[in-house]
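The values are calculated or read from the model by the stated rules, or taken from the named source; none is laboratory data. Keep in mind that this is a model prediction, so the values were computed, not measured. Virtual Cβ from ideal backbone geometry, glycine too; neighbours counted across all protein chains shown. Remember, those area values only see protein heavy atoms, side chains included, never the ligands or the DNA or RNA. Shrake-Rupley method; radii C 1.70, N 1.55, O 1.52, S 1.80 Å.
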Amino acid sequence: MRLATFRVNGRTSYGAVTGNGVIDLGRRLQGKYPTLIDLIRADAIGEARGAAAGAADHALNDIAYLPPVPGAEKIICVGINYPERSAEYKDNREAPKYPNLFCRFPGSLVGHDQPIVRPKVSEKFDYEGEVVMVIGKEGRHVPQEKALGMIGGLTLGNEGSVRDWLRHGTLNVTQGKNFDRSGSLGPWIVPADDLDPGKPLHLMTRVNGELRQEDTTDRLTWGFAWLISYISTFTTLRPGDLIWTGTPTGAGGHHAPPKWLKPGDVVEVEVPEIGVLRNKVADEA
């Protein structure tokens with residue numbers, strides 16, 4: 001099952017994407033769970049599965065995708081989480097003992113097939129394809145052996161970054177990671193019941209069809225279970241929280257010369273078991 005949030009005919013809803021259409025679960029469940037995050041918080045994926053039968057209610061061409069998890073309490077991102085990433089910076093940095101974490105704001109993200117925006121203050125706009133965990137249960141101090149059971153589903157993210165704004169401060173990256181509409185999330189959530197988060201996932205990022213990033217999640221420095229256990233040590237994880245698990249080598253800024261994104265470029269982030277997140281780049285008005 002693929003659960004998406006979308007706009008259609010002037011209203012926002014969510015549903016199950018099947019073939020060339022979407023089953024409108026927000027309507028079929030008669031408002032019992034107003035948004036997809038309400039469905040996740042109610043642990044009602046099974047109920048949604050039962051309602052996702054029959055013909056589609058809308059053609060995919062008639063909907064506009066939104067980020068699938070509206071109203072997430074926390075959007076936590078992990079930096080430099082594939083083995084060769086530290087070497088890309090060419091600054092002889094030592095491998096960190098613990099992950100670098102930062103947060104994104106909801107307004108910095110758009111949905112599948114919506115434009116991501118290069119801000120007017122910089123031309124150093126970059127892509128970072130990632131697998132994103134959607135937390136499905138509440139937990140604090142979660143042991144690693146139970147951590148994968150916290151995952152409600154997986155989705156994809158493009159962690160659009162404005163490189164020359166990442167180091168405006170000496171010890172933070174918040175500014176460069178949070179320009180309005182600079183990143184994307186989606187196209188949908190695949191529930192954990194429909195894939196095994198413990199098995200390696202093949203992550204790829206393409207720009208205009210050219211493969212730029214490729215790796216598998218079994219090579220993460222800090223894997224899914226470790227991250228959930230670690231993060232839940234200092235904060236309570238709640239249903240709908242998002243954990244971005246890091247990007248492989250090959251982002252545009254690390255090429256020689258750099259391959260910055262420009263208007264008209266198309267970025268695709270793919271994991272075969274999840275789908276393809278696609279966005280075209282546009283300049284800020």
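At a glance:
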item: Residue match in the stretch 219-233 (condition: among the basic types (Lys, Arg) and over 18 Å from residue 82 (Cα atoms)); result: no
item: Scope the stretch 252-267; condition in a loop (DSSP other than H, G, I, E, B) and within 21 Å of residue 154 (Cβ to Cβ); matching residues; result: none
item: Leading residue by the ranking (farthest from residue 81 (Cα to Cα)) among those in the stretch 147-173 that are at pLDDT 95 or above and out of contact with any Gly (no Cβ under 8 Å at 6 or more places or on another chain); result: 149
item: Test: residue in the stretch 3-16 that is open to solvent by less than 30 Å² (accessible area, probe 1.4 Å) and within 17 Å of residue 241 (Cβ to Cβ); result: yes
item: Residue list for the stretch 28-45, filter: modelled with pLDDT of 95 or more and either more than 22 Å from the chain's Cα centre (by Cα) or open to solvent by 60 Å² or more (accessible area, probe 1.4 Å) (or both); result: 28, 29, 32, 33, 34, 41, 43
item: Filtered residue count, the stretch 36-48, keeping only those that are part of a loop (DSSP other than H, G, I, E, B) and more than 15 Å from residue 16 (Cβ to Cβ); result: 2
item: Members of the stretch 49-72 that are part of a loop (DSSP other than H, G, I, E, B), open to solvent by less than 40 Å² (accessible area, probe 1.4 Å) and touching a helix residue (DSSP H, G or I) at 6+ places or on another chain (Cβ under 7 Å); result: 52, 68, 69, 72
item: Test: residue in the stretch 157-165 that is within 25 Å of residue 45 (Cβ to Cβ), open to solvent by 10 Å² or more (accessible area, probe 1.4 Å) and either of a type outside the set (Ser, Thr, Tyr) or in contact (Cβ under 8 Å) with a residue 12 or more places away in the chain (or both); result: no
item: Candidate set: the stretch 268-285, residues that are assigned to a strand (DSSP E or B) and charged (D, E, K, R); chosen: the one nearest to residue 4 (Cα to Cα); result: 278
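Every residue, every condition in (1) closer than 30 Å to residue 16 by Cα; (2) crowded, with 23+ Cβ neighbours inside 10 Å; (3) in contact with a Cys (Cβ under 6 Å, 6 or more places away or on another chain); (4) at pLDDT 95 or above, yes or no:
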{"site": "208", "(1), (2), (3), (4)": "yes, no, no, yes"}
{"site": "243", "(1), (2), (3), (4)": "yes, yes, no, yes"}
{"site": "258", "(1), (2), (3), (4)": "no, no, no, yes"}
{"site": "262", "(1), (2), (3), (4)": "no, no, no, yes"}
{"site": "277", "(1), (2), (3), (4)": "yes, yes, no, yes"}
{"site": "281", "(1), (2), (3), (4)": "yes, no, no, yes"}
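Table: residues versus (1) free of Cβ contacts under 8 Å to residues at least 60 places away in the same chain; (2) more than 19 Å from the chain's Cα centre (by Cα).
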{"residue": "221", "(1), (2)": "no, no"}
{"residue": "230", "(1), (2)": "no, yes"}
{"residue": "242", "(1), (2)": "no, no"}
{"residue": "265", "(1), (2)": "yes, yes"}
{"residue": "270", "(1), (2)": "no, no"}
{"residue": "279", "(1), (2)": "no, no"}
